[in-house]
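The values are calculated or read from the model by the stated rules, or taken from the named source; none is laboratory data. Not measured: the values here are computed from a predicted model. A quick note on method: Cβ atoms are made from the backbone with ideal geometry, for glycine too, and the neighbour counts reach across all protein chains shown.
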Amino acid sequence: MRAVVQRVDGASVSVAGTGDDPSAAGVVGEIIGEGLCVLVGVTHGDTPEKAAQLARKLWSVRILEGEKSCSDVNAPLLVISQFTLYGDARKGRRPTWNAAAPGEVAEPLVDEVVAQLRALGAEVATGRFGADMRVSLTNHGPFTVIIEV
């Protein structure tokens, strides 16, 4: 699993409504104040154990103001699935997505990261898996790290 983690002063994710359900449009996840915006990618071979390991790392990594962790200050997290983290653009002009796990594998593992964070006591907002999302955030720093487990 791979996560791009940004220290933020607030973040939100919204989705557009579909022709079938235009009422589904709007903000689906939001955190206010200091916290982390986390884009999570899943590759082949990732497991629920790796999801739990990533959750523990996200909850305890000391990247907030004053070298604090989310667990230290009860900071919220916005977790968003992001298959493009496993895109490969080394050859040609078009990335390939061969390393990204298919949705039926990835979705339960992203859900497991969220469940494990909540079990640790975290306040977690989420995007909507597979949706065309718009992410808005204020990156504090700027501060961005990549975490792989």
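Here are some notes:
- Filtered by the rule that a residue be polar (S, T, N, Q) and part of a helix (DSSP H, G or I), region 70-116 gives Ser71, Thr84, Gln116.
- When region 47-76 is filtered for residues that are within 17 Å of Val124 (Cα to Cα) and free of Cβ contacts under 8 Å to residues at least 40 places away in the same chain, the ones remaining, listed by number, are Ser60, Ser69, Asp72, Val73.
- Within region 7-61, the set of residues being assigned to a helix (DSSP H, G or I), more than 22 Å from Ala100 (Cβ to Cβ) and either at pLDDT 95 or above or within 16 Å of the chain's Cα centre (by Cα) (or both) comprises Arg56, Trp59, Ser60.
- One residue stands out in region 119-149 among those that are in a loop (DSSP other than H, G, I, E, B) and out of contact with any helix residue (DSSP H, G or I) (no Cβ under 8 Å at 6 or more places or on another chain): the one that is farthest from Gln53 (Cα to Cα), namely Asp132.
- Scanning region 131-144 turns up no residue that is out of contact with any Lys or Arg (no Cβ under 9 Å at 6 or more places or on another chain) and free of Cβ contacts under 8 Å to residues at least 60 places away in the same chain.
- Beta carbons closer than 6 Å, at least 6 apart along the sequence or on distinct chains, pair a first residue in region 92-107 that is modelled with pLDDT of 95 or more with a second that is of a type in the set (Phe, Trp, Tyr) and in a loop (DSSP other than H, G, I, E, B) for Glu107/Phe129.
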